[in-house]
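A.B. asks: Please find one structure pasted underneath; my questions will follow.
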Amino acid sequence: MPIDYEGARAILHEQFREVENELLAGRTPTAPEATEEPFEVVFASKTQAYREALPGCYIARIQDRQINVRLPYINQGEGAFNGRTLDERVVNPFLQTNRIPSSRGPYLGVFPTFSAI
């Protein structure tokens with residue numbers, strides 16, 4: 001199943017709105033316990049592209065559980081997805097619009113390292 005870019009955009013905006021509302025209400029947003037340690041590793045890194053890859057992988061897996069997030073190039077075979085287009089059309093514009101520190105380049109260059117985390 002190809003990525004639904006409009007749907008992906010909606011997912012990001014909805015999740016961002018939920019977290020923003022929690023923060024504005026004085027509550028600390030929480031994540032499932034199993035994700036706490038991996039998230040800490042990703043967000044402790046000075047490599048912004050890790051934080052850019054995370055929402056792209058998240059969206060891809062929400063939209064299609066058969067997607068292998070370690071295969072961000074469509075020509076990588078079964079389960080691969082078009083990570084570059086997802087980043088260019090959805091993730092990077094979302095980060096820029098919401099003034100979340102990010103690079104303007106695609107995050108795909110970090111995948112050999114990121115997938116090992």
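The values are calculated or read from the model by the stated rules, or taken from the named source; none is laboratory data. These figures come from a predicted structure and were not determined experimentally. Ideal geometry is used to build each Cβ from the backbone, glycine not excepted, and the neighbour counts take in all protein chains shown.
A.B. asks: So, in segment 1-60, exactly how many residues are part of a loop (DSSP other than H, G, I, E, B) and not charged (D, E, K, R)?
C.D. replies: 12
A.B. asks: If you take the residues in segment 1-59 that are among the small types (Gly, Ala, Ser) and closer than 19 Å to Pro101 by Cβ, which one is modelled with the lowest pLDDT?
C.D. replies: First, the residues of segment 1-59 that are among the small types (Gly, Ala, Ser): 7-8, 10, 25-26, 31, 34, 44-45, 49, 53, 56.
Restricting the remaining residues to those that are closer than 19 Å to Pro101 by Cβ gives 44-45, 49, 53, 56.
Working: Ala44: 86, Ser45: 83, Ala49: 80, Ala53: 84, Gly56: 89.
Here the answer is Ala49.
A.B. asks: Go through (1) among the polar types (S, T, N, Q); (2) touching an Asp or Glu at 6+ places or on another chain (Cβ under 8 Å); (3) not in a loop (DSSP other than H, G, I, E, B) and name the single condition Ser102 misses.
C.D. replies: Single failed check for Ser102: (3).
A.B. asks: Applying the selection to segment 61-88, what residues are acidic (Asp, Glu) and outside any helix (DSSP H, G or I)? I'd like the intermediate steps shown before the answer.
C.D. replies: Filtering segment 61-88 down to residues acidic (Asp, Glu) leaves 64, 78, 87-88.
Correct list: Asp64, Glu78.
A.B. asks: In segment 3-30, what count of residues is obtained for those that are exposed (fewer than 10 other Cβ atoms within 10 Å of the Cβ) and of a type in the set (A, V, I, L, M)?
C.D. replies: 2
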